[in-house]
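A quick write-up on the structure given underneath.
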Amino acid sequence: MQSVMIGGPHLEVDALCILRSISPALDPTKHKGQAGKIAVIGGCREYTGAPYFAAISALKIGADLSHVFCTKDAAPVIKGYSPELIVHPLLEESYNIREEEKTSISKKVLDEVDKWMERFDCLVIGPGLGRDPFLLDCVSDIMRHARRSNVPMVIDGDGLFLVTNCVDLVKGYPLAVLTPNVNEYKRLVNKVLNCEVNDQDGPQQLLSLAKSIGGVTILRKGQSDYISDGAAVRSVSIYGSPRRCGGQGDILSGSVAVYVAWARELVSKGKFDANPTMLGCIAGSTLMRKAASVAFADKKRSTLTTDIIECLGRSLEAICPVG
Ligand SMILES: NC(=O)C1=CN([C@@H]2O[C@H](COP(=O)(O)OP(=O)(O)OC[C@H]3O[C@@H](n4cnc5c(N)ncnc54)[C@H](O)[C@@H]3O)[C@@H](O)[C@H]2O)[C@@H](O)CC1
Ligand SMILES: Nc1ncnc2c1ncn2[C@@H]1O[C@H](COP(=O)(O)OP(=O)(O)OP(=O)(O)O)[C@@H](O)[C@H]1O
Ligand SMILES: [Mg+2]
């Protein structure tokens, strides 16, 4: 069993070693699906880019199948971005339904999503989800079902808005990963720890937050990404770019989802002695930051999220050649 050193007394980890150890070889004996099946739950009338960014990033990193569960308005738009994605127009927003049909529709949404649930190796909940109360209630039920099926879930974007207002959805669930940005982290600390973010001892506060929620892994995004499961704290500072265009967190959520799925399989086979969600966050963050640096080297100030997505493949190849 390879007990990968995921950081000594200091917090920085050997991120490249972990990324190489988790990235699977392309095994000719494997069949479609075995390299990972990811589902993004997000995409509404207001946002269609974020779920696309998360889902296509998962595919470009190496998942075999990438699904998007979104609202009927968002589906044709996201389908139009790419034939590679399997887009399910199943979610509903309040403006589109009558009060008296809410119960039947939320049951129908849950039944439809549930038909797929067991097949997924990791969910990404929140990119471009929006904040419609009815939609968020349906997603809450989907999360409860995912927990019962032991499906890992990366919570990002408006999924963090949902979880911050209802922490019990992830409380005590070790397969939950939260990926807050600066705003989302501040709101989570305010709500759960009932205090302000204190960067005098940021890692300790992050560890307390993860411990207080119980079991979850939190990836606090920033100039360095800090990661804690309530037991340990690690950081990833390698690579990265000074460009802060919107959408990079969506790439990260798709990247972490694939790596959590791959790490979980290796840990279940006894090949690693570490928390798969910690490993997945370290690897997912490293690859996203490498791709951002490669894209920035080329596009500089005009670097966009779509440029970074196009650099995912060559960035992984540079670190972990497919041979
Ligand atoms: N191209 C796209 O489609 C993109 C869509 N995105 C999606 O946009 C949505 C919002 O993401 P952001 O990164 O902008 O979210 P933020 O939480 O950083 O900010 C959203 C806005 O809402 C406010 N806000 C958020 N939560 C609040 C709360 N609880 N109380 C009061 N004000 C609050 C913030 O101050 C800010 O003005 C997410 O679903 C995200 O996935 C982003 O990922 C960027 C790219
Ligand atoms: N100041 C920074 N310097 C270098 N890299 C950064 C910096 N801030 C964030 N990052 C990197 O960019 C990634 C995305 O973080 P960001 O804070 O942009 O997420 P976000 O706001 O959720 O993005 P999105 O617009 O997709 O919602 C992080 O994983 C982190 O590695
Ligand atoms: Mg975000």
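So what is the relative contact order of the chain, in percent, for Cα pairs below 8 Å that sit 6 or more residues apart? Please list the in-between numbers first.
Details: 656 pairs, mean separation 67.2, N = 323.
This gives 21 percent for the chain.
At Lys300 and Gln223, where each label point lies 7 Å from the Cα along Cα→Cβ, what is the point-to-point distance in nanometres? That separation, rounded to one decimal, is 2.3 nm. As a ratio to 2.2 N^0.38 Å, the alpha-carbon radius of gyration computed for the range 167-323 takes the value 1.05.
Using per-residue counts of other Cβ atoms within 10 Å, averaged over each peptide, order 122-133, 97-108 from highest down. Let's see the in-between values first.
Numbers: 122-133: 25.9, 97-108: 11.7.
My ranking of the peptides, most packed first, is 122-133, 97-108.
Where in the chain are the DSSP H helices whose C-alpha atoms run 24 Å or more along the long axis and whose mean Kyte hydropathy is at least -0.5? Don't jump to the answer; show the numbers that get you there.
On the way: long enough: 248-268 (30 Å, 0.66); 276-299 (34 Å, 0.55).
Sorted by number, the helices that extend far enough and score high enough are 248-268, 276-299.
Compute log10 of I(q)/I(0) for the range 194-256 with the Debye formula, placing one identical point scatterer on every Cα and leaving out solvent, at q = 0.12, 0.19, 0.20, 0.28 Å⁻¹, to two decimals. Each listed q corresponds, in turn, to -0.33, -0.79, -0.86, -1.22.
Using the Stokes-Einstein relation with a Kirkwood hydrodynamic radius computed over Cα pairs, the translational diffusion coefficient of the range 1-145 at 4 °C and a viscosity of 1.567 mPa s comes to 77 µm²/s.
Taking the Cβ of Gly42 as the centre, find all other residues whose Cβ is under 10 Å away and add up their charges (Lys, Arg: +1; Asp, Glu: -1).
Values: positive: none; negative: Asp156, Asp158, Asp250.
With Lys, Arg at +1 and Asp, Glu at -1, the net is -3.
Starting from the Kirkwood radius over alpha-carbon pairs of the chain, derive D by Stokes-Einstein at 4 °C in a medium of 1.567 mPa s and give it in µm² s⁻¹.
Details: Rh = 19.5 Å.
Answer from the Stokes-Einstein relation: 67 µm²/s.
Highest average first, the peptides 75-82, 49-56 ordered by how many other beta carbon atoms sit within 10 Å of their residues are 49-56, 75-82.
A viscosity of 1.306 mPa s and a temperature of 10 °C, combined with the Kirkwood radius over C-alpha pairs in the Stokes-Einstein formula, give the range 234-281 a diffusion coefficient of 132 µm²/s.
Counting other Cβ atoms within 10 Å, keep those with at most 12, restrict to DSSP loop, and tell me which trypsin sites (Lys or Arg not before Pro) in the range 196-256 are left. All intermediate terms of the calculation are to be shown ahead of the outcome.
Numbers: sites: Lys211, Arg220, Lys221, Arg234, Arg243, Arg244; in loops: Lys221, Arg243, Arg244.
Those satisfying the criteria are Arg244.
Set the Förster distance to 41 Å, then compute FRET efficiency between Lys211 and Asn96 from the Cβ-Cβ distance, nearest 0.05. Using R0 = 41 Å, I get an efficiency of 0.50.
Just so you know, all these numbers are worked out from the coordinates, no wet-lab data involved. What you see is a predicted model, and the numbers here were worked out from it, not measured in a lab. Every residue, glycine among them, receives a Cβ derived from its backbone with ideal geometry; neighbour counts consider all protein chains shown.
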